[in-house]
Amino acid sequence: MAKSEVPVVVLNAGKEKSASRNHPWIFSGAIHHVVGEPKAGDTVEVRSAHGEFLGLAAYSSESQIRCRLWTFQERTPIDRDFFSKIIDRAINNRLCRGFDVHDPKSAFRLINAENDGIPGCIVDKYADILSIEILSVGAERFRQTLYELLVEKIHPRGILERCDSDVRVKEGLPLRKQAVYGDVPKIPVEMIENGIKFDVDVWNGHKTGYYLDQRDARFNVGKYAKAKHVLNCFSYTGGFGLFALQNGAKLVTEVDVSKDALAIAESLIQKNGFDKANVELVEADVFAYLRKCRDSRKTFDLIVLDPPKFIESKSHLEKGARGYKDINLLALKLLAPHGMLATFSCSGLMEMNLFQKIVADAALDAHRNVQIIERFGQPSDHPVKTSFPEGQYLKGLLLQAD
Ligand code: SAH
């Protein structure tokens, strides 16, 4: 192979199917051999066993996902112009969906990794700050270009790299958390979500700082809260609870293990002009708290269960499923007559059908007659590419018991 040529990853016979259907991942087991010596992050060509061109990809020597495809089109240079077009498209399609990058108080996901064409790269906007998580060696290679383009197009006050998730280790990437442009304040950033003010700790908050993906659910579930006692489990900074208060909830009980998250939740009650007397903040393990409520025969009118990801990999499926069953069973038992439960799973490996079955089993065991009255998914700033079903991870059900 001449030096200037791009290395070629040749797949095993029959393994071209997924790439020919525009799926962006090539697993190590699908690879027959590699022509050339690509280093982590290098751009490679992917070809079928018959030599047919399938796409251009970032090569990742340490990951099980050995190649992440940038494009399925031949003769597409993977350069500044390539990323510029992707970012323009993301800015424009977010605008069509009601999210303006130039709105100084808005918060939304601008780049949703594979689904927006940049595998492993998440760009979240919180007011005038961009908080970025990079989870693949390919996006890591182009990060400087990406930051320059984002500065040029969006003019943020600052850009923070939140590259401190353990997932990076699997990719052979170092952990980093640093401001890479401008000024990223150490104090929480204020943004507005559907009329409610939030403070986001971009440096230390979970993920890139906040759970933008539950925006629609927080708004929709809040509408059922009038005059109710709401139990918000896994509350983080109290999002579901604040929307419940906005809709006239009688009392909101926020439960989370994170002291820092609850401290922000407390300050947000005042910041949004709600009465502290209507809120109870509980630092506890939700499993233990629900059992305690069961033992003391407490009931609630509306319960929210928004747990962290219980299923990280296929080997965790069974244990994770048991976790979902447990909390849903406990919560259903705590519902007052006509009580509602908004229950979620952000585990991509738990499909909606299975989740619904688990909830149905929990209802049987709880001896409650339960109806599904709404279904939840991802908001429009967390799109799912049709050729990448893995992009769909968040699901939820709103239930009502007799
Ligand atoms: N509903 C929140 C997001 C929840 S994320 C929102 O709308 O913003 C999951 C939360 O669960 C995190 O805040 C984490 O601190 C908390 N958590 C994880 N395990 C927990 C446990 N066993 N008990 C209580 N909280 C837990």
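Readers should treat all values here as calculations from the given coordinates under stated rules, not as data from a laboratory. Every value quoted in this text rests on a predicted model; they were computed, and no experiment measured them. Every residue, glycine among them, receives a Cβ derived from its backbone with ideal geometry; neighbour counts consider all protein chains shown.
Structural remarks
- Cα gyration tensor shape of the range 312-385, rounded if a/c is under 1.5, else prolate or oblate by comparing a/b with b/c: oblate
- Listed by chain and number, the aspartates and glutamates whose C-alpha is less than 17 Å from the C-alpha of Lys357, apart from same-chain residues fewer than 8 away, are Glu318, Asp326, Asp365, Glu374.
- Contact order for the chain, expressed relative to its length and based on alpha carbon pairs under 8 Å spaced 6+ residues apart, stands at 11 percent.
- Extending 7 Å from the Cα toward the beta-carbon at both Lys226 and His32 defines two label points whose distance is 6.6 nm.
- Checking the cross-link pairs Lys207/Lys309; Lys226/Lys259; Lys105/Lys197; Lys125/Lys186 against a 18 Å limit on the alpha carbon distance flags Lys226/Lys259 as lying beyond it.
- Contour excess over end-to-end distance, with Cα ends at Leu317 and Asp365 and 0.36 nm allotted per residue: 15.2 nm
- Added length on full extension, which subtracts the Cα-Cα distance from 0.36 nm per residue, Asn12 to His338: 111.7 nm
- Taking a ≥ b ≥ c as the square roots of the eigenvalues of the alpha-carbon gyration tensor, the range 75-218 is classed oblate because a/c is 1.5 or more while a/b is no larger than b/c.
- The mean of 1/r over all pairs of different alpha-carbon atoms in the range 1-158, once inverted, gives a Kirkwood hydrodynamic radius of 16.4 Å.
- The eigenvalues of the Cα gyration tensor, multiplied by 5 and square-rooted, give the range 206-253 an equivalent ellipsoid with semi-axes of 20, 11, 7 Å from largest to smallest.
- Note on Asp166 and Phe287: their simple-model spin labels are 1.6 nm apart, each label 7 Å out from Cα toward Cβ.
- Working note: 222 nm ellipticity from helices only, DSSP H runs with n ≥ 4, each -39,500 (n - 2.57), summed and divided by the residues of the chain, gives -8000 deg cm²/dmol to the nearest 500.
- Relative contact order [Cα under 8 Å, 6+ residues apart], the range 134-262, whole percent: 16
- Only Cα pairs under 8 Å and 6+ residues apart enter the sum, and on that basis the relative contact order of the range 206-306 stands at 30 percent.
- Remark: the Cα gyration tensor places the range 119-163 in the oblate category, a/c being 1.5 or greater and a/b not exceeding b/c.
- Between Ala179 and Glu62, the FRET efficiency estimated from the beta carbon spacing at R0 = 35 angstrom works out to 0.80.
- When the GluC sites (Glu not before Pro) in the range 67-161 are filtered for DSSP coil states and for at most 11 other beta-carbon atoms within 10 Å of their beta-carbon, the remaining sites are Glu74.
- Residue-by-residue Karplus 3J(HN,Hα) for the range 151-162, coefficients 6.51, -1.76, 1.60, Hz, glycine and proline x: 5, 4, 8, 10, 6, x, 6, x, 10, 10, 8, 9
- The trypsin sites (Lys or Arg not before Pro) of the range 53-121 that meet both conditions, a loop assignment by DSSP and at most 16 other Cβ atoms within 10 Å of the site Cβ, are Arg75, Arg97, Lys105.
- One Cα centroid belongs to the range 133-159, the other to the range 188-258; the line between them spans 29 Å.
- Ellipsoid semi-axes for the chain, based on the Cα gyration tensor and the rule √(5λ), read 41, 26, 17 Å when sorted largest first.
- For the range 145-205, the list of trypsin sites (Lys or Arg not before Pro) that fall in a loop by DSSP and count at most 11 other C-beta atoms within 10 angstrom reads Lys186.
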